[in-house]
1. With θ set to phi - 60° and the Karplus curve 6.51 cos²θ - 1.76 cosθ + 1.60, what are the ³J(HN,Hα) couplings of the range 214-222 in order, to the nearest whole Hz, using x for Gly and Pro?
2. If the chain between Lys272 and Lys82 were fully stretched, how many nm would it gain, using 0.36 nm times the residue separation less the Cα-Cα distance?
3. Pull out the extension gain between His155 and Gln20, defined as 0.36 nm times the separation in residues minus the alpha carbon to alpha carbon distance; nm, one decimal.
4. With the chain treated as a Gaussian network of Cα nodes joined by springs under 10 Å, which of Lys88, Lys222, Lys134 yields the largest mean-square fluctuation?
5. May I ask you to compute the full-extension gain from Trp36 to Asp198, defined as 0.36 nm times their residue separation minus their alpha-carbon distance, rounded to one decimal in nm?
6. Please list the three semi-axes, largest first and in whole Å, of the ellipsoid equivalent to the range 98-139, using sqrt of 5 times the eigenvalues of its alpha carbon gyration tensor.
7. For a protection proxy built on the mean count of beta-carbon atoms within 10 angstrom, sort 107-113, 12-18 highest first, please.
8. Find the relative contact order for the range 159-280 and round it to a whole percent, using C-alpha pairs within less than 8 Å whose residues are 6+ positions apart.
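Taken together, the values in this text are just the output of simple stated rules run on the coordinates, not laboratory data. None of the values given here were measured: they were computed from a predicted structure. Please note: Cβ atoms are built from the backbone with ideal geometry, for glycine as well, and neighbour counts cover all protein chains shown.
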Amino acid sequence: MFIGAHMSGPISSVPFRTVQIGGNTFQIFSHSPRMWRTSLNEMKVKKFKEGMDKYKLDPTKVLIHASYLINLASPKEDVWEKSKVLLKSELEISHELNLKYVNVHPGSRLDSPAEVALERVGRAIYEILKDSPKDVMLVLENVSPKGGNIGYNFHQLKTIADISGCNVKFTYDTCHGFDGGYDIRTRDGMKELLSEIDDTIGMDKLIMCHLNDSKYPLGFHKDRHERIGKGYIGKDGFTNFFSYDEIRCIPMILETPGGEIEHEEDILTVKKILSFLGLE
Ligand code: ZN
Ligand code: MN
Ligand code: MN
């Protein structure tokens, strides 16, 4: 199983620190996620690539998480344009780092209708990808149905992909999904989730999982991540989730509270669940 965490700090040491916490994949920001500018230091890139080789990490299991400033759904023209430019530069950074996937939230519709927002995200993706490095793919993440967020179910995500006409991939965030009413703790809940995926994007396009417990109960629209097993999904909930073969083959990235000490513990919690299931 591929598992790791969102890693902060200098990217040059991320491969080493990943192995130290017991991971074999990770997620990073390509630059400071609260800044519109991007920058890439050649020395850091070189060290990063050396680390990937040294620790034998598979770049196709790694994610870059795009900046939080990006809003491809924005009805405001200036924000929409700036978002496209920034996301495009993140795809270029991904290419420089020899990584394959850039994860982005579809965005917030603000005061515009959902249909308009979905259309805008789709068009933005088409425009971004038509002249971006072809070896890097865009990955759309399901978000929490909080505020004006769009892309909180697979029907919306599929609509965006169809409008773009591009081969986009998808990330399932377990906290966001739980926030939106997907109950992965139960057989029925999993059946519902997996058949919705089959009926929309198709399971083969779900290539990443953000593995987070939830501080709030099912369907609360709060988007507050919790350590694995310490929230409302809980150890039993994740045991049910991991009992599905089609889930376990997806790389799992923790975005749980805390730093590397906590992430190391969370990885251990997951490994214990797998061994309980007789799988590792
Ligand atoms: Zn995200
Ligand atoms: Mn996430
Ligand atoms: Mn979140």
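1. Calculated HN-Hα couplings, in order: 10, 6, 10, x, 3, x, 8, 6, 10 Hz.
2. 64.0 nm
3. This chain segment gains 44.7 nm when fully extended.
4. Result: Lys134 has the largest fluctuation of those listed.
5. Length gained, Trp36 through Asp198: 54.7 nm.
6. The three semi-axes for the range 98-139 are 24, 11, 6 Å.
7. Ranked by mean Cβ neighbours within 10 Å, highest first: 12-18, 107-113.
8. 25
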